[in-house]
Structure formats: C-alpha cells, structure tokens
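Working notes, structure below.
The values are calculated or read from the model by the stated rules, or taken from the named source; none is laboratory data. Note that the structure is predicted; figures quoted are calculated from it, not measured. For neighbour counting, all protein chains shown are included, and Cβ atoms are generated from backbone atoms with ideal geometry for every residue, glycine included. Each accessible area value is taken on the protein alone, full model and side chains, heavy atoms only, with ligands, DNA and RNA left out. Shrake-Rupley method; radii C 1.70, N 1.55, O 1.52, S 1.80 Å.
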Amino acid sequence: MKLQDFCDLKEVNALIEDWEKASGLLAALTAPDGSVLGQAKEMNETAGRDLVIEGEKIGQLHCGYSKDSEGPVGSSQTEKADAAVSLLFLSLTNTITKQYYKYAASHRLKRLSDGIEATDELVRQIMSCTVNLKNIQKRQKIVAINASIEAARVGEAGRGFAVVAEEVEKLSESSSEVNSTIEKVVSEIKNTVSSLKE
C-alpha cells in the first residue's frame, strides 16, 4: 500500500508547511523506498518517525533544521523542538489515518455493492432454473399419467409399467416439494438483496 494511493498529499504538505512556519523547523515526508512525497528539503535531520497504518509502514516523517541554522541551543530549545515534532507527527498520523479509513470504507462499500449486484444476478439465474424444474416436474406428471393409462389398458401385462408410473409420480411430487423449498429460499435471498440495495 502506498501513501499516495489513498492520501491527499496536498493536504498533508500544507499541514507540514503550516507547522514549519509555526515551529521554525523543517519537515519532509518520504515513501518507504525513500522517495520524497512533497518538497525536497536540505536539512540537518534531528528526528525521523515511521508512519504506519494497520501494521504496515507507509512513509516516514523527517524533521530537522535548515543547513544554515545552528539548531537548538540548550535543553529548553531541544524540548520545544521535540514537542513540535511530536505534535506534527500526531497531526499527520491523524490526518493520514482519517484519509485511509475513508478510502478503505469506500472500497469496501464498492466491493459490497458489486457483491450485491453479483448475488442479484445469481438469484435471477436460480429463479430461471426453478422455472425449468417446474416444467420438468409437469412433464414427469404427464408421463406418469400416460404410463398409468397405458398400464391399465394393457392389463396384467402392464403391471410392471404401472410400478414405474407410480415411481415417476413420486419423483414428480418430490421435485415439486424441493422446488417449492428452493423458491422460498430464493425469495428470501431476493428480499435480503433488495433491502441491501436501498
């Protein structure tokens, strides 16, 4: 994951520039590979902190003084510089984290939306299959009726044929029950998908 993939670097660099004006220090942001994500600055670096999102290093904050500056003089100045660096780091972390979660949420919503559309299409396909199953079941009933009629017409010789006709009729009834269950489940899925689309 790259910082520039989800973060508005203009906003981040504006924050850094405002901090530089207020603190008198310099700061730069780099990618994990060391490339500068903003203005390159020549400075005597006094602090560097990793920027991390969900355990992954996405950049580094470098802070320091300009090359022609003497740097902090005395412990009081050093403490102020350290506090300023901590404040910038916290501000950047909050800004970057906010932008990351906004980016991640929009991508998750997009995937959810795509998943809902795909599920909706699958439901349509299942509904089409249940229509085909109903047609097969109707044909099974017709075959069973015709077989029963033929078995009755032939008499004792058609007894075996009558057994087959009964089994086909039972299969038709079982198919009808299964198809009915599938239709109920598909209807529930369709209602759930429809409510998610609203």
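Determine how many Å³ per residue the convex hull of the Cα atoms of region 49-108 encloses.
83 Å³
List the GluC sites (Glu not before Pro) within region 59-155 that fall in a DSSP loop (any state other than H, G, I, E or B) and whose Cβ has at most 11 other Cβ atoms within 10 Å.
Here the sparse-neighbourhood loop sites are Glu70.
Taking 45 Å as R0, compute the FRET efficiency from the Cβ-Cβ separation of Leu122 and Lys10 and round it to 0.05.
Computed FRET efficiency for Leu122 and Lys10 comes out at 0.60.
May I ask you to work out the translational diffusion coefficient for region 1-151 at 25 °C, viscosity 0.890 mPa s, via Stokes-Einstein with Rh from the Kirkwood sum over Cα pairs, reported in whole µm²/s?
It diffuses with D of about 123 µm²/s by this estimate.
Pairing the Cα long axis of helix 9-23 with the longest principal axis of the chain, what angle in degrees results, from 0 to 90 and rounded to the nearest 10?
30 degrees
Kindly write out, for region 46-61 in residue order, the coupling ³J(HN,Hα) from the Karplus curve 6.51 cos²θ - 1.76 cosθ + 1.60 (θ = phi - 60°), rounded to whole Hz, with x marking Gly and Pro.
Couplings: 10, 8, x, 9, 7, 9, 10, 10, 6, x, 10, 6, 10, x, 9, 9 Hz.
Per 0.36 nm of contour for each residue apart, how much would the distance between Arg153 and Ala31 grow if the chain were fully extended, relative to their Cα-Cα spacing?
Net length gain for the segment: 35.1 nm.
Of all the accessible heavy-atom surface of region 22-105, with the other protein chains kept in place and a 1.4 Å probe, what percent is carbon and sulfur?
Heavy-atom surface of region 22-105 belonging to carbon and sulfur, 1.4 Å probe: 51 percent.
With a 1.4 Å probe and all protein chains kept in place, how do Lys57, Lys41, Lys110 rank by accessible area, largest first?
The most accessible residue leads, giving Lys110, Lys57, Lys41.
What lysines sit close enough to Lys67 to cross-link, taking a C-alpha to C-alpha distance under 22 Å and skipping anything fewer than 8 places away on the same chain?
Hits, sequence-local ones excluded: Lys21, Lys41, Lys80.
Of Val185, Val123, which has the most accessible area and how do the rest follow, probe 1.4 Å?
Solvent-accessible surface, decreasing: Val185, Val123.
Might you work out the accessible area of Met127 for me, using a 1.4 Å probe with all protein chains in place, and round it to the nearest 10 Å²?
Only protein atoms counted, so the area is about 70 Å².
Using only helices, what value at 222 nm comes out for the chain when you add -39,500 (n - 2.57) per DSSP H run of length 4 or more and divide by the total residues, to the nearest 500 deg cm²/dmol?
Result for the chain: -25500 deg cm²/dmol, rounded to the nearest 500.
Compute and list, largest first, the equivalent-ellipsoid semi-axes of region 62-198 from the alpha carbon gyration tensor, each √(5λ) rounded to a whole angstrom.
Working from the Cα gyration tensor, I get semi-axes of 80, 12, 10 Å.
Could you pull the accessible area for Ile142 with a 1.4 Å probe, rounded to 10 Å²?
Ignoring ligands and nucleic acids, Ile142 comes out at about 100 Å².
Name the residues whose placed amide hydrogens come within less than 5 Å of the amide hydrogen of Thr46, ignoring near sequence neighbours (fewer than 5 apart) on the same chain.
For Thr46, the qualifying residues are Cys63, Gly64, Tyr65.
List, in order, the whole-Hz ³J(HN,Hα) value for each residue of region 178-183 obtained from phi through the Karplus relation with A = 6.51, B = -1.76, C = 1.60 and θ = phi - 60°; use x for Gly and Pro.
Values, residue by residue: 4, 4, 4, 4, 4, 4 Hz.
Please list Arg124, Arg153 from largest to smallest accessible area, probe radius 1.4 Å, with all protein chains kept in place.
My answer, sorted largest first, is Arg153, Arg124.
For the chain, set up a Gaussian network in which alpha carbons nearer than 10 Å are linked by springs, and say which option among Glu166, Glu183, Glu42 fluctuates the most.
Glu166
Counting Lys +1, Arg +1, Asp -1, Glu -1, what net charge surrounds Val163 among other residues with beta carbon under 14 Å of its beta carbon?
Once positives and negatives cancel, what remains is -3.
If you take every residue apart from Leu26 with its C-beta less than 12 Å away from the C-beta of Leu26, what net charge results, scoring Lys and Arg +1 and Asp and Glu -1?
Within the 12 Å Cβ shell, the charges total -2.
For region 35-45, just list the computed ³J(HN,Hα) in residue order, Karplus coefficients 6.51, -1.76 and 1.60, θ = phi - 60°, integers in Hz, with x standing in for Gly and Pro.
5, 7, 9, x, 7, 6, 10, 8, 8, 8, 6
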